[in-house]
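Have a look at the structure below, then the notes.
The values are calculated or read from the model by the stated rules, or taken from the named source; none is laboratory data. Because the structure is a prediction, the values reported are computed rather than measured. Every residue, glycine among them, receives a Cβ derived from its backbone with ideal geometry; neighbour counts consider all protein chains shown.
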Amino acid sequence: MFKDKHICYNAGVAQLCAMLDGKLFELPLSEHAGADAVFLSERQEADGTVYRFVSAAPPANAKPVRAGLEDVFLYVYREELGV
């Protein structure tokens, strides 16, 4: 994976996704993730909007989820995306 014209990660898909193991969560849009949360994305579900975020200390009601390449990309490139 390249960032700023340099290789920042030289790993396979599983290794890249493992960067977010235990740190990626989802919550309904109406709930607060905490001050240290890094917002990554949101999606619509039947019950409303759910958002994904990275956090070292999520709230107790946050649902842990497995990371995909999109999550890793959004996390690594968040500065360039203005997140």
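One residue stands out in region 60-78 among those that are surrounded by 12 or more Cβ atoms within 10 Å (Cβ to Cβ) and of a type in the set (A, V, I, L, M, F, W, C): the one that is farthest from the chain's Cα centre (by Cα), namely 62. Residues of region 38-64 that are farther than 16 Å from residue 23 by Cβ and not charged (D, E, K, R): 44, 46, 48, 49, 50, 61. Listed by position, the helices (runs of 4 or more DSSP H) inside the chain whose residues that are out of contact with any Ser or Thr (no Cβ under 7 Å at 6 or more places or on another chain) and at pLDDT 85 or above number at least 2 are 13-18, 69-76.
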